[in-house]
1. To make sure I understand the rule: partners must be lysines, Cα under 19 Å from the Cα of K83, and not fewer than 8 residues away in the same chain. Which ones qualify?
2. Check the straight Cα-Cα distances from K92 and name the lysines below 20 Å, setting aside those fewer than 8 residues away within the same chain.
3. Can you work out ³J(HN,Hα) from phi for every residue in the stretch 110-118, in order, using Karplus 6.51 cos²θ - 1.76 cosθ + 1.60 and θ = phi - 60°, giving whole Hz and x for Gly and Pro?
4. Send over the Kirkwood Rh of the stretch 64-108, from the inverse of the averaged 1/r over different Cα pairs, rounded to one decimal Å.
5. For labels at E50 and V18 in the simple 7 Å Cα→Cβ model, what's the distance in nm?
6. Just the number, please: Stokes-Einstein D of the stretch 34-113 in µm²/s, Kirkwood Rh from C-alpha pairs, 10 °C, 1.306 mPa s.
7. List the relative contact order of the stretch 45-115 as a percent without decimals, with contacts defined as Cα pairs under 8 Å and 6+ residues apart.
8. Starting from the amide H of G101, placed 1.01 Å from N in the peptide plane, find each other amide H under 5 Å away whose residue is 5 or more places distant or on another chain.
Amino acid sequence: MGKGSFGCLAAIGVAFIVVLIMAVIGQEMNNREAEEIASKPLYESTEYVEVLAGNMIKERLKDPDSYQFIEMNEALSSSEGEKMFVVTYRAKNGFGGYDIGRATFTCDKDNLYIVSIE
């Protein structure tokens, strides 16, 4: 084996170690983010609520792939320890055209529930 081959193998080894270290650091950061999300009440993670609400709406559509998120707003809630959200979305109707719909959700510390969907 020549000197050039050894240098190439050493460079590959160093690159492999660097990639491995980056993967471990990335996994640790993901674990910390997951723990942070899990420690907060669900209604404080609005991005997560948005995804859950979208999935719940899609389950009720004739064409779930046509779902298009427009916006989500917080509404006044009459109960302590919960929040209400109104999701506005666009989806295909039975004739193939698109309609705008609204779904209202209530969210406590751990769960999201559909109150109404139009």
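1. K40, K109
2. Within the straight-line limit of under 20 Å, K92 reaches these lysines: K58, K62.
3. These are the phi-based 3J(HN,Hα) values: 10, 9, 10, 10, 7, 8, 7, 9, 10 Hz.
4. Values: mean 1/r = 0.0858 Å⁻¹.
Final number for the Kirkwood radius of the stretch 64-108 is 11.7 Å.
5. If labels sit at E50 and V18, their model points lie 3.5 nm apart.
6. 119 µm²/s
7. Relative contact order comes out at 26 percent.
8. Y89, R90, A91
Read the figures in this text as sums done on the coordinates, not as results from a lab. Model, not experiment: these values are computed from the prediction. Backbone-built Cβ (ideal geometry, glycine too); neighbour counts: all protein chains shown.
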